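What follows is a set of notes on a single structure, which appears directly below.
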Amino acid sequence: MAASCMAASELLHNIKLIHFVRRTSSSRLHFSSQLLQAQRDPQQLVGVVGLEIHAQISSNTKLFSGSSVQFLAPPNSLVSFFDASLPGTLPVLNRRCVEAAVMTGLALNCTINRRSLFDRKHYFYADLPAGYQITQQRRPVAVDGMLTYSVLGGKKRNQVIRKNVHIKQIQLEQDSGKSLHDDVHSQTLIDLNRAGVGLMELVMEPDMSCGEEAAAAVRELQLILQALGTCQGNMSEGQLRVDANVSVHKPGEPLGIRTEVKNINSIRYLARAIDFEIQRQTDVVQRGGTVQNETRAYDSKSGETVAMRDKEGLQDYRFMPEPNLPPLIVFEDNASLPAGIDACQAVVVQTIKEGLPELPSIKRDRLVQLYGILPEHSFTLVNEDGLMEYFEEVMKSTKREPRKVIGWVTNELLGLLKQQELSVSQSPVVPAALAELLELQEAGHISSSVSKQVFQEMWRSPGRTAAQIIREQDLGLVSDAAELHRICQKVVDSHPEEVCAIRSGNKKVLNKLMGLVQKETKGRADPVLVREILEEKTS
C-alpha cells in the first residue's frame, strides 16, 4: 500500500493532475516512511480517508429557478426572487440537473433510485438567505456505486495498479452564495449569484489511505465528469470542491475519530492536506492525546490544517421533508412511462444510458490495445486535456510506430507546453506539422538530433513547415560517401588511442568516434553510413 501511495505521487506529477504532489518537505518524507513502517508493523497507525465532493452541474440555469449560471458575473446580477428567498416563491426543478445526476450515477455504476426525495437541511449563514438548503438526505437519486482509479506502482513505478473506492450516494442539492470579505473596510459582503446553482454531492466511502490515493480518485472523477459533460470540473472556479474526512487507526481495530477538512479547491492541495492531517492525528495519538471531531481548513501557505469549528451532527441540521417538492420520479425505459406522459418531458434511465460517451478508463484501454503503447503513456494522453486527440491526429498522418510518436507527444510537445504554461489547444505546432517532421525523419532526410532542432524552430516560428526549415538551414543528412569518408578518416587519424581500443575488442569506443563525426557534421551525418565507414577504417 505504501509503495502505491508513493508511486501515485509520481503519476500525478507527470500527468497534469495539476502535477500533483512533490515530496520535498521533511514532514512528507517522514509520513512516507511511516506508511512503509505500517506495512511491516500492524501496530502502526494508518490513515483512513473518505471524501465528499461537490460538483457544480453544467446547466444554463439554477437547480430550482430560471436564473442564469455564469462565473464572474457582476455581484447579485443573477438572482431570482426564489434565490433571494422572498416569501411566496416556490422551487421548480431543473430537468437538466436531474439528467446530469442520473448520467453521473450510471457512469459510476450506481443504482438509480426510481423515486427519490428532497429535504431541508437547516443552517444559518449569511450566504444562505432561506436558512436552509434543499438537498436529498433520506433518499438520494443514486446509491451504491464504484469508482475505479489507477496509480503507478512496482519497483520501477511503471506498473498500473487499479484501486476501487465505493460511492455511497449521489444527491442533488443547492449551492450557497459567496461571502466576500473586505479587509480594508472590515466588512463582509454577500454575492448571491451562486445561490441555488445545482450541485451533485458525491459521497465516497473511507476506502483510501493517503493523500495520493485520494488525489488520484478525484482526478479520475474529474475526467469522468468532463467526459460526460455533467460538470466542467474547474476547481479554480469552484466547480469541484472537496471535503476530506480523515482518521487514523491500527489495522484491525475500529476506525478512529475523524476530522473534516473543508472546501479544498486543488488536487495538489488535497493530497498535501490529507497527508498533513494523517501525520497530525498520528502525532496526537502517539502523545496520548485524543483527536477532536472537528471541521478544519487547509492553509496552503503553511501546508497545515487549522481548526475552524466543532463538527455539526445530524441533529444540528434538523432535517425535514421539503414540503414544496413532490418525490422525484425517473423511469426505467419508455415502456414504463404512464399514459399521458411524453418521453420528452420525463427522465428515462435507458435513454441516458444509451447516450453515455466513452469514459476515461475505456479510452486508456483502447489506446493500449489499438496502438500497443504502455499503460502509463495512456494515462498521460487521457489525463492531459486534448493530448489524446492530438496524438491520434498525428497517427492519422504518419507511418511511424506509435511508441515512437508517443515519445514526441509526451516528451517534446508536452514538455514545451508545461514550460510555457500552454494548453494542448494552444500548441504552435499542429498535429499535421509534427507528423510531417516525423515522416521526414523516418524517410532518412534528417537525423534524430536534427529533428528535435527543427521541432524547436517550428515551435518558435509557427506556420513554417519542417521541410522549409530543413531547406533554409541546410539541415538535411550528409549522405555523400566521399565527404563522409574524408570526415571519418580525419576523426580516426586524430584519435589513435580510441582506434587501438576498438582493434583490441572494445567496440563500445566506436560510439565515441561516431559522436565526433556527428559533431563535425552538426548532427547531419547518416548514422548507419557513418558506422559502416568507421568499422571499415578501424578493423
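Listing for the model above:
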item: Pairs of lysines in segment 481-538 (C-alpha under 17 Å apart; 8 or more residues apart or interchain); result: 8
item: Lysines whose Cα lies under 17 Å from that of K311, excluding same-chain neighbours fewer than 8 positions away; result: K121, K262
item: Protection proxy ranking, peptides 423-430, 164-171, average beta carbon neighbours within 10 Å, highest first; result: 164-171, 423-430
item: Amide hydrogen neighbours beyond the local backbone of C110, cut-off 5 Å, H modeled; result: M146
item: Rel. contact order, % - alpha carbon contacts under 8 angstrom, at least six apart, segment 384-472; result: 29
item: Spherically averaged projected area of segment 106-174 from its Cα convex hull (nm²); result: 7.0
item: Cα pair distances exceeding 22 angstrom across segment 384-472, given as percent; result: 17
item: Net charge of neighbours whose Cβ lies under 15 Å from the Cβ of D191, counting Lys and Arg as +1 and Asp and Glu as -1; result: -2
item: Coarse-grained scattering of segment 419-539 at q = 0.14, 0.18, 0.20, 0.23 Å⁻¹, given as base-10 log I(q)/I(0) from a Debye sum over alpha-carbon atoms; result: -0.66, -0.88, -0.99, -1.19
item: Kirkwood-type radius of segment 62-115, with distances r between different C-alpha atoms, in Å; result: 13.2
item: Total formal charge among the other residues, if their Cβ is under 10 angstrom from that of H54, Lys/Arg +1 and Asp/Glu -1; result: -4
item: Nearby aspartates and glutamates by direct alpha-carbon distance to K168 (threshold 16 angstrom, same-chain neighbours under 8 apart not counted); result: E52, D144, E201, E205, D207, D243
item: Kirkwood hydrodynamic radius (C-alpha pairs) into Stokes-Einstein, segment 178-225, 20 °C and 1.002 mPa s, D in µm²/s; result: 150
item: Dipole of the chain, positive end: most advanced residue of S209, L189, G386 [Cβ charges, Cα centre]; result: S209
item: Value of D in µm² per second that Stokes-Einstein yields for segment 481-538, Kirkwood Rh from Cα pairs, at 4 °C (1.567 mPa s); result: 117
item: Projected-area average for segment 260-419 over all orientations - Cα convex hull basis, square nanometres; result: 18.2
item: Radius 12 Å from Cβ of D474, net charge of other residues (Lys, Arg +1; Asp, Glu -1); result: +2
item: Kirkwood-based shape ratio for segment 2-321, expressed as Rg/Rh from alpha carbons; result: 0.98
item: Sequence of V368, V246 once ranked by neighbouring C-beta atoms within 10 Å, starting from the fewest; result: V368, V246
item: Two-decimal ratio, segment 44-192, of alpha-carbon radius of gyration to 2.2 N^0.38 Å; result: 1.33
item: Whole-number Å³ per residue for the convex hull built on Cα positions in segment 180-295; result: 148
item: Residue order, fewest to most beta carbons within 10 Å, for C210, C500, C97; result: C500, C97, C210
item: Stretch gain in nm, segment A335-Q159, where the contour uses 0.36 nm per residue and the Cα spacing is subtracted; result: 58.7 nm
item: Binned Cα-Cα distances of the chain, short to long, each 10 Å bin given as a whole percent; result: 3, 15, 21, 21, 17, 10, 7, 4, 2, 0
item: Dimensionless Rg ratio for segment 244-344, taking C-alpha atoms and the 2.2 N^0.38 Å reference; result: 1.69
item: Calculated FRET value between E472 and A443, using beta carbons and R₀ = 25 Å, to 0.05; result: 0.85
item: Residues D283 and M320, FRET efficiency given R0 of 60 Å [Cβ-Cβ distance, rounded to 0.05]; result: 0.90
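Bear in mind these aren't lab numbers, they're just calculated from the coordinates by the rules spelled out. Computed from a predicted model, the values in this text were never measured in an experiment. FYI the Cβ positions are ideal-geometry reconstructions off the backbone, even for glycines, and counts take in every protein chain you see.
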